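Taken together, the values in this text are just the output of simple stated rules run on the coordinates, not laboratory data. In this text, all values refer to a predicted model and were calculated from it rather than measured experimentally. As a convention, Cβ positions derive from the backbone with ideal geometry for all residues, glycine included, and neighbour counts pool all protein chains shown.
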Amino acid sequence: MTEKLFYEDSHMITFSAIVEACVKRGEYYEAVLNRTAFFPEGGGQYADTGVIGGESVLDVQEREGIIYHKMKTPLEAGQTVEGAIDWEERFSKMQQHSGEHIVSGLVNAMYGYDNVGFHMGRDAITMDFSGVLSKEQLKEIEQKANEAVVKNLDIEVLYPSKEELTDMAYRSKIEIEGQVRIVRVPGYDTCACCAPHVKKTGEIGLIKLIGVQNYKGGVRVSMLCGFRAIADYEEKAESVKRISVMLSAKEAEVAEEVLKLKEEIASQKGKLIEMQRTLLKYKVNEIPENQDLVILFESGLEGSEPRELMNLVLEKKAEVAAVFAGNDDKGYRYVMGSKTRDMRPFAKTLNELFQGRGGGKPEMVQGSLCGEEEKIREAVKACKEKAF
Ligand SMILES: [Zn+2]
């Protein structure tokens, strides 16, 4: 069994140990020490990083009480080595994890829901609860959780006997065999947990719930604690500051201003569509009546506009009307119609010539294709000459 120094002192950064074994596994080595401050992956938390004997530790796993440190280069058995965990990283993880206990304890006490999933990534951590919580309820929980931080309570670690355990009310995600380790935040939470925690709640710093979504009949809540919450605040504040400068608006009023902008854009878009329609009507008026074939290329047409234009042309008694929306580079959408000719062979021919797709009814076809305007015009003319 490896002696677990992270249980003796969760704030131990450096330690010395004797290498008991080092075995090659694939292209890496697994070093076993008599004692270690490296916390292995487990309980929703990824493994500590750091160095042993000056070499990087890539991963840490525990199997049957023995802790294996994954290394690129081997350590010599029998040798005494110095180890150091990446403290910034570990402290951040403890801030998140201790914060999670307080929030989960509050949710359990106030609403009776269980934490049924916990994941700690390198950004936000997520907690899945077995019931639905509203944004208002989460706000209250966040407030109470931060009160626990301000109280700067001692976080206790207990190793109760079996008898003591039967009398103890505690949260637990799994059935645990052997000695149970209990982490208690007095007045807030008692939970079975194998991870290292901060010593006092004040070390957690800010507890910030940053998102909630419905998940498997309950909710998934994202949270940031301590320095991660500060980094997130900084990022968001910077973003609001930039928007406020761009809009020449006060920081507290940017959302209102963006809403106004969106409404303005929508109204401008409506005006633009109306103007485009008017413009098209003028263009169609220029076209003489009773033409054999009218081909129009318009770059700015959207939605149903190509079809509307084609109908206007047919109203001017053109035998065949072909409208192309787009350009040579990005390709064209086409709509072609006639009151006398079957348009389907037109579509078939154009599709074959210009890697197009589409079709339709005898009186109208539509689709898309790629090609040069001049060549497309020639092809449509050739179709018109042919008696399909
Ligand atoms: Zn825990």
Revision key, fill the gap. Convex hull around the C-alpha positions of the stretch 3-85: the volume in Å³ per residue is 86 Å³
Study note, to complete from the structure: Any aspartates and glutamates whose Cα falls less than 18 Å from that of LYS24, other than same-chain ones fewer than 8 residues away, would be GLU55, ASP59, GLU62, GLU76
Exercise for review: For the stretch 96-157, evaluate the Debye formula with one uniform point scatterer on each Cα (no solvent term) and list log10 I(q)/I(0) at q = 0.13 Å⁻¹, rounded to two decimals.
Suggested key: -0.35
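Relative to the compact globular guide of 2.2 N^0.38 Å, what is the alpha carbon radius of gyration of the stretch 90-234, as a ratio?
On the way: Rg = 14.5 Å, N = 145, 2.2 N^0.38 = 14.6 Å.
In units of the globular-protein estimate, the stretch 90-234 measures up at 1.00.
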**Study point:** Difference of contour (0.36 nm per residue) and Cα-Cα distance, ALA237 to MET110
**Key:** 42.5 nm
Practice item. Rounded to the nearest 10 degrees, what's the angle between the helix 135-150 long axis and the longest principal axis of the chain, both from Cα atoms, 0 to 90? Key: 30 degrees
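Filter LYS330/LYS375; LYS135/LYS262; LYS93/LYS216 down to the pairs with a C-alpha to C-alpha distance above 24 Å, please. Could the numbers behind the result be given before it?
Values: LYS330/LYS375 15 Å; LYS135/LYS262 26 Å; LYS93/LYS216 26 Å.
Over 24 Å apart, Cα to Cα: LYS135/LYS262; LYS93/LYS216.
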Review point. Setting aside same-chain residues fewer than 8 positions from LYS271, which aspartates and glutamates have a Cα under 17 Å from its Cα?
Key: GLU263, GLU302, GLU305
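Going down the list LYS144/LYS241; LYS4/LYS200; LYS72/LYS199, which pairs span over 23 Å between their C-alpha atoms? Don't skip to the end; give the middle numbers.
Working: LYS144/LYS241 29 Å; LYS4/LYS200 21 Å; LYS72/LYS199 33 Å.
Cα-Cα > 23 Å for LYS144/LYS241; LYS72/LYS199; rest within.
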Exercise for review: Would you mind working out the magnitude of the charge dipole of the chain relative to its Cα centre, with +1 at each Lys and Arg C-beta and -1 at each Asp and Glu C-beta, to the nearest 20 Debye?
Suggested key: 1700 debye
**Study point:** Difference of contour (0.36 nm per residue) and Cα-Cα distance, GLU373 to SER267
**Key:** 34.8 nm
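Dividing the alpha-carbon radius of gyration of the stretch 287-385 by 2.2 N^0.38 Å (N being the number of residues), what value is obtained?
On the way: Rg = 12.0 Å, N = 99, 2.2 N^0.38 = 12.6 Å.
Taking N as the residue count of the stretch 287-385, the ratio is 0.95.
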Practice item. For the chain, with a Gaussian network of springs between Cα atoms less than 10 Å apart, report the residue from SER56, SER130, SER267 with the top mean-square fluctuation. Key: SER267
Point to revise | For the chain, with +1 on Lys and Arg beta carbons and -1 on Asp and Glu, the positive-most of TYR46, ALA255, SER92 along the dipole | key: ALA255
Review point. In deg cm²/dmol and to the nearest 500, what is the mean residue ellipticity at 222 nm of the chain if only DSSP H runs of at least 4 residues count, each as -39500 (n - 2.57), divided by the residue total?
Key: -12000 deg cm²/dmol
Revision key, fill the gap. Using alpha carbon positions and the Kirkwood radius, the Rg to Rh ratio of the chain is 1.27
**Study point:** Principal-axis tilt of helix 87-111 within the chain, Cα atoms, nearest 10 degrees
**Key:** 80 degrees
Exercise for review: Quick one: check the C-alpha center-to-center distance for the stretch 275-332 versus the stretch 216-235, whole angstrom.
Suggested key: 54 Å
Exercise for review: Quick one: what are the phi-derived ³J(HN,Hα) couplings along the stretch 278-288, Karplus 6.51/-1.76/1.60 with θ = phi - 60°, whole Hz, x for glycine and proline?
Suggested key: 4, 4, 5, 4, 4, 4, 5, 4, 5, 6, x
